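J.: Right, I'll just put the structure down here and ask away after.
The numbers here are math on the coordinates, done by the rules we state, and not lab data. Model, not experiment: these values are computed from the prediction. Note that we place each Cβ from the backbone using ideal geometry, even for glycine, and neighbour counts take in every protein chain shown.
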Amino acid sequence: MREAFPCSLSRRQVLLAGGAVAASPLLVPRVFGAPERPDLVVVRGGDALSPVEASYQRMREGMKRWGGAPGLVKGKRVLLKVNATERTSQDGNTSVPAAAALLRLLREGEPADITVLGQEWGGFDSPRAGQPTLRQVIGEAKANLLELPHYWQKGSQDLYRQCPVEDDVWHQLWVAKALFDPDTVVLNLARLKTHPHCVYTGCVKNVIGLTYRMYGFHKKDDVAPPKNAGNPADSDGWDVFPRKLGVAFRDVIGPRIALHILDADQPTFGWRGPGPERIETFAAHTTILGTDALAMDVFGCGLLHAQRPNRFVEPLGEWSTGESPYVTFNKSKTNYLAVGGQLGVGQTDLKRVDIDEATI
C-alpha cells in the first residue's frame, strides 16, 4: 500500500536535476503559477448577498483565472484541506459558508469525487445557532470526510508516509498518503485568523493538519511523544517552528497543492487568546485565491494589521518586541512569514507578486 503513494520530488530536487540552481539558498519567487496566471487574486464584495452565496460568487470569479472549477477538477479526485481545529467556536475554523460555497463550486466542476480531510480537533462538529456544522455541510454536499487519526490512535501511522526533507531540522516528517496520488487535485481552504502561539495563521500553517505528528513542528525531537500530553503546544521547539514549517511546506506539502483559498469573509482576532484579546470577527467580504501561499499569507496578515494597526503586527515586521499581546504570546519569538521567504517557500515582497483584483 505504501508503495502506491511515493513522495514526489521537491522543487529544489527538480531544479538541481536540471542544473538550474548553482548555490544555496534557493530563491524561487515565481515558481508557483503559470506565466499567464496571477500568483493570487483578491475578490471583494457580496455584502448584500447571503454569506454562502457571497463566498460562492467570490470563489467562482477568482477561480476563472485557473480555468474555472472544471479546468481544475473535472474528472479528477479532489482532496480539500479545511481548518477545523476549534471545538467550541466556529470562528476558529474555516467558515461554514466558505466550505459550503467551495464544495458547491467544486461539484459543478464535475470531479470524480471530493474528500475533505485533515487531522483536526473537534471543529467538524463545532456548533453555532442558526448554522449547520462543517460535518453537516460536507454531508449535504455528498463529499467524503477523512478525519486523519492522531498519533496515539492504534494503527494511525498507516495513513501517513515518511517523506524526506532537505534540511536536518526534521527527524521524521510523516504526511498523509492520500496527497501523493498522482490523479488527485489538492486544495487548501484556510481561515484568516490570529494565533495564540505564533501570531498569525493562514494558508501555510493550515497544512500542519496533513501531518502525523503535528506537535513535531514545535518540538526539537519530533519523534518522541510530547511530555505534556495534555498540552502538546507547550513544547521545547518553538524556536525551530518557523524553519520546520517552512521546510515541510517547501519540500513536501506545498508542491502537491494546486490552489490555496484564504477565507477572509470574516477574519478572526483573538482565537484562544492571547489575553486581553478575545475572539471576534470583522466583516471583510474578501476571498483570496492563489498558488503562492506565502504571498497570500503576507497579504492576509496585512488585512489584520490594517484593521488594528495599533495592536496587531505588520506582516513582515518585528514579532519579538513591542507591547502587542500577540508579540507577548509569540512562542517562536520570530516572524515565521519572513523566515519562510528566506527559505524559498514563496514570495514575501508583494511588489514582485502578480496580484489580480476583482469585485462582485
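J.: Given the rule -39500 (n - 2.57) for each run of at least 4 DSSP H residues, summed and divided by the residues of the chain, what is its mean residue ellipticity at 222 nm, to the nearest 500 deg cm²/dmol?
T.: Calculated at 222 nm, the ellipticity per residue is -6500 deg cm²/dmol.
J.: For the chain, calculate the relative contact order in percent as a whole number, restricting contacts to Cα pairs under 8 Å that are 6 or more residues apart.
T.: 22 percent
J.: Let me ask something additional. Can you classify the chain as rounded, prolate or oblate using the Cα gyration tensor, where a ≥ b ≥ c are the square roots of its eigenvalues, rounded means a/c under 1.5, and otherwise it's prolate if a/b beats b/c and oblate if not?
T.: It comes out rounded by the Cα gyration axes.
J.: Okay, moving on. Please give the Cα centre distance for the stretch 51-103 versus the stretch 290-360, rounded to the nearest Å.
T.: 22 Å
J.: Could you rank the peptides 160-168, 295-303 by their average count of other C-beta atoms within 10 Å per residue, with the highest value first?
T.: Top to bottom by mean Cβ count within 10 Å: 295-303, 160-168.
J.: Enumerate the amide H contacts of Ile114 below 5 Å, restricted to partners 5 or more residues apart or on another chain; note that Pro and chain-start residues carry no placed amide H.
T.: Those qualifying (amide H under 5 Å, at least 5 residues apart or on another chain) are Val78, Asn144.
J.: Residues with beta-carbon under 15 Å from that of Arg272, excluding Arg272: net charge, scoring Lys, Arg +1 and Asp, Glu -1?
T.: Summing Lys and Arg as +1 and Asp and Glu as -1 gives 0.
J.: Using θ = phi - 60° and the Karplus form 6.51 cos²θ - 1.76 cosθ + 1.60, what ³J(HN,Hα) does each residue of the stretch 67-80 get, whole Hz, x for Gly and Pro?
T.: x, x, 4, x, x, 9, 10, 4, x, 10, 7, 10, 10, 10
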